[in-house]
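Every number here is computed from the coordinates shown, using simple stated rules; none is lab data. This structure is a prediction, so every number in the text was calculated from the model and none was measured. Here the Cβ positions follow ideal geometry from the backbone for every residue, glycine too, while neighbour counts run over all protein chains shown.
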Protein chains: 2
Amino acid sequence: MRQRLSVEAYVAGVLAADRVVLSRAITLVESQLPADQPLAQEVLERVLPHAGRSLRLGITGVPGVGKSTFIEAFGKYLTGQGKRLAVLTVDPSSQRSGGSILGDKTRMEELAHDPRAYIRPSAAGTSLGGVARRTREAMLLCEAAGFEIILVETVGVGQSETVVRGMVDFFLLLMLAGAGDELQGIKRGIMEMADAVAITKADGPLAAEARRAQAEYQNALHLFPPAASGWVPQVLTCSALERTGLAELWHLIQKYHQSTLQTGYFEQNRRAQALDWMHDYIRQALEERFRRHPEVLRQLPATEKAVQQGHELPLAAARRLLALFLK
Amino acid sequence: MRQRLSVEAYVAGVLAADRVVLSRAITLVESQLPADQPLAQEVLERVLPHAGRSLRLGITGVPGVGKSTFIEAFGKYLTGQGKRLAVLTVDPSSQRSGGSILGDKTRMEELAHDPRAYIRPSAAGTSLGGVARRTREAMLLCEAAGFEIILVETVGVGQSETVVRGMVDFFLLLMLAGAGDELQGIKRGIMEMADAVAITKADGPLAAEARRAQAEYQNALHLFPPAASGWVPQVLTCSALERTGLAELWHLIQKYHQSTLQTGYFEQNRRAQALDWMHDYIRQALEERFRRHPEVLRQLPATEKAVQQGHELPLAAARRLLALFLK
């Protein structure tokens, strides 16, 4: 185990935007070693008053949509505007696939070397809840280090979009032109979570097709219920290759930011998210304790099978397992 | 407290489709008295082998869309086809509003007197989880009593659509023509849960408008990701007044049923739902225990406030409350 710093050293380093210390602080909060927890918690508590002042953007899209290329282009645009940007990822599958650390950095080579940008790959872990928790805490550390925009990317596997939606202010869905095939990978319900849809690779022969898709989706989104924010989701096109549409997207995000600050929705949403975050932790911790109980662990697989096959009532099975746990 | 029957009497009565016994059995499983639980569980276990053979339909729509009128018309159509139909409701607000028992029955007067139909209003309760649990169990009892179609209506408040979606085979969203205002009441994400959208009140001066809306929504739904079932959601129009569109809707539902039976999705979805149901119970029970702990109960309100206002870290607050509970 690498040696830990003192609380003071972590806090001072993070607040001074020292990237090496920031990275070590994120490693600390990501640590699954019980011995690291008190230190991690103290560091987080100390930086908390300095966190929360960024704009948090979530980005999702199926593999092949060009997420990394888009983030590289949009990130460079933002740093070109003088913004400081941190890119985080929620990807519970990254551990299984051997880690996407190298992958992420090489896929965003220019941004990785930009002094105004900081790229941190997904925390390792197989449970989405655990990975999400560590990304949320990394976000606070990045905010304390003065990053003005936090971009949280997700690979769009399973429920990760919903989890990322719950930790950001603005949620962007990337799509390819040519409605049809690329939809196969998007989960139902994601469209209605988006504050904006950006149609990527809108260049060369695909540009016309992208504009057609833009019009179609814009029409469709008008038919859908408005978000709690009152915001009507917008559809735009962009090209990472030709660096077009990026200024328009940033303008749109700023408009959203201004409008939700004025209505009070921005703050209200942040508060609701913090509360959900606490209740999520509690729920996860209770379930984890339950699942780790030796008797539950032993009986769960057969019970799940019996319930699925209709041999046992879900409620009866739940009560039986709970009784083992509470005994 | 009204006297309970014996297990044998409940089971025999339910299987013989005796409505009085069925109603009393549902009252038993809805009972919140701890003393009723072993009996309720035994009755449910005994009828379980006879349950599961119905088609479960979920119906939602905002107030004013004409849900009761639609269910009355569609229900009468189904019983006219010789089908036996049970109508259940998930409405966690019904207790607060003084009970919708009378309301439901008078709003569906014809159906309420139809010998092939059985209408049971929502279980009382303020927690959606508890209300949903009791509706799921009432559904099993109705199935054991030989009802071939179970219609689960929900008022579309909060998360109840998601919960109903998780207990049915087919989910129908009712909408009014004239996109715009009526959307205000629908929650984002509901559209993408629907297997079909029926535009109600498609008669008289609204008929043309309804057809226009049908075409618009059908176009829009094509742009959205396909469901796990592979089914492309359909949009149709109907009129409870003129009794039009009901045969088409039933035809569509049957087509869905046949197609998902063939692909195996129907069975696979039922199995997944049963498992989710068990895990939901466990989660609810664990959280309820946590929330009822005297020290948690005392400290939760102030803690929630501190977290919302950013004075305490969600994780730190969660750990502190968990420590109280686990001590």
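Compute, for segment B:1-50, the length of the dipole vector about the Cα centre, with Cβ point charges of +1 (Lys, Arg) and -1 (Asp, Glu) only. Units Debye, rounded to 20. Could the numbers behind the result be given before it?
Working: 5 positive and 6 negative charges, 33 e Å.
Around 160 debye, computed over segment B:1-50.
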Farthest towards the positive end of the dipole of the protein assembly as shown, among B:Phe170, A:Leu241, B:Ser23 and with Cβ unit charges of +1 on Lys and Arg and -1 on Asp and Glu, lies the Cα of B:Ser23
Extension length gain for B:Ser6 and B:Thr263 (0.36 nm per residue less Cα distance), in nm, is 88.3 nm
Quick numbers on chain A, Rg and Dmax over C-alpha atoms in Å, give 21.4, 67
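For segment B:182-247, with only Lys/Arg (+1) and Asp/Glu (-1) charged at the beta-carbon, what is the dipole magnitude about the Cα centre, in debye rounded to 20? The partial results should precede the final answer.
On the way: 6 positive and 7 negative charges, 11 e Å.
Around 60 debye, computed over segment B:182-247.
Treat every Asp and Glu Cβ in segment A:254-327 as -1 and every Lys and Arg Cβ as +1, leave all other atoms uncharged, and give the resulting dipole magnitude about the Cα centre to the nearest 20 debye.
Details: 12 positive and 8 negative charges, 29 e Å.
The dipole magnitude comes to about 140 debye.
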Once phi for every residue in segment B:189-194 is put through the Karplus expression 6.51 cos²θ - 1.76 cosθ + 1.60 (θ = phi - 60°), the whole-Hz ³J(HN,Hα) values, with Gly and Pro written as x, are x, 5, 3, 6, 8, 7
Stokes-Einstein D for the protein assembly as shown (25 °C, 0.890 mPa s, Kirkwood Rh from Cα pairs), in µm²/s, comes to 91
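Cα-Cα pairs above 13 Å in segment B:4-43: how many percent? If you can, show how the numbers build up before the last one.
On the way: 322 of 780 pairs.
Tail fraction, whole percent: 41.
Using R₀ = 60 Å, calculate the FRET efficiency as 1/(1 + (r/R₀)^6) where r is the Cβ-Cβ separation of B:Glu109 and A:Ala208; round to 0.05. Write out the running numbers ahead of the final one.
On the way: r = 57 Å, r/R0 = 0.96.
Step by step, r from the Cβ atoms, then E = 0.55.
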Inter-copy distances for B:Gly310, label 7 Å out on the Cα-Cβ vector, sorted ascending, nm, one decimal, are 5.4
Inter-chain shielding metric for B:65-74, i.e. average beta-carbon neighbours from other chains within 10 angstrom, reads 0
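For a quick check of your reading of the filter: which trypsin sites (Lys or Arg not before Pro) in segment A:111-150 sit in a DSSP loop and have no more than 13 other Cβ atoms within 10 Å? Let's see the in-between values first.
Details: sites: A:Arg116, A:Arg133, A:Arg134, A:Arg136; in loops: A:Arg116.
Sparse-neighbourhood loop trypsin sites (Lys or Arg not before Pro): none present.
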Dipole check, chain A, charges on Cβ (K,R +1; D,E -1), about Cα centroid: among A:Phe266, A:Ala51, A:Val7 the Cα furthest to the positive pole belongs to A:Val7
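Need the full-extension length gain, A:His251 to A:Glu148, defined as separation in residues times 0.36 nm minus the C-alpha distance. One decimal, nm.
Taking 0.36 nm per residue and subtracting the Cα distance, the gain is 35.5 nm.
On a 27 Å Cα-Cα criterion, which of the cross-link pairs A:Lys76/B:Lys187; A:Lys83/A:Lys187; B:Lys76/B:Lys201; A:Lys327/B:Lys327; A:Lys67/B:Lys305 come out too long? Walk me through the intermediate numbers first.
Details: A:Lys76/B:Lys187 36 Å; A:Lys83/A:Lys187 32 Å; B:Lys76/B:Lys201 17 Å; A:Lys327/B:Lys327 15 Å; A:Lys67/B:Lys305 37 Å.
Over 27 Å Cα-Cα: A:Lys76/B:Lys187; A:Lys83/A:Lys187; A:Lys67/B:Lys305.
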